[in-house]
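Reviewing the structure listed below.
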Amino acid sequence: MQAVALVHQALQHQQVVADVRADYSCERLERELRGILEADQDDHGLDDPQIALAVDEAQRTSREESDLLRARFALLTAREREVFDRIVAGRLNKQIADELGIGERTVKAQRAQVLAKLGVESVAELGRLAERLQSLTRG
């Protein structure tokens, strides 16, 4: 009976890893695996090497993504950072132009540069990226 439970647990772990890798970020993978570890800690301890390897891989990938994000953000010029801050604050191109004392066309061009340098295609993605950057600076 215990062997069946262990096999079921191993399959559940593998399914969580596969699902999370396919559908979620590495941070989500790490949270999911840590949740499983904490839930199973009383019964099985932290000795499962597959789980430990998956957590390590998730942490390493998360660090690599964070480093890449920081490197991309470092590519922005000071003006592009000002535009970035205002975009993620929800300002319109016209408002950004007025605040920075530049033309609206210039804002549009800089906005396109910001999106390109950060590797995103929409303001929604830019917002998610800004949240990620903010969490990196806090943590």
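The values are calculated or read from the model by the stated rules, or taken from the named source; none is laboratory data. Keep in mind the model is a prediction, meaning the values are calculated, not measured. A quick note on method: Cβ atoms are made from the backbone with ideal geometry, for glycine too, and the neighbour counts reach across all protein chains shown.
Some values worked out for this structure:
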| read-out | value |
| --- | --- |
| Qualifying positions in the stretch 56-101 - modelled with pLDDT of 85 or more, hydrophobic (A, V, I, L, M, F, W, C), assigned to a helix (DSSP H, G or I) and more than 14 Å from Leu133 (Cα to Cα) | Ala78, Val83, Ile87, Ile96, Ala97, Leu100 |
| Extreme residue, surrounded by the fewest Cβ atoms within 10 Å (Cβ to Cβ), among residues of the stretch 55-93 that are in contact (Cβ under 8 Å) with a residue 12 or more places away in the chain and charged (D, E, K, R) | Arg70 |
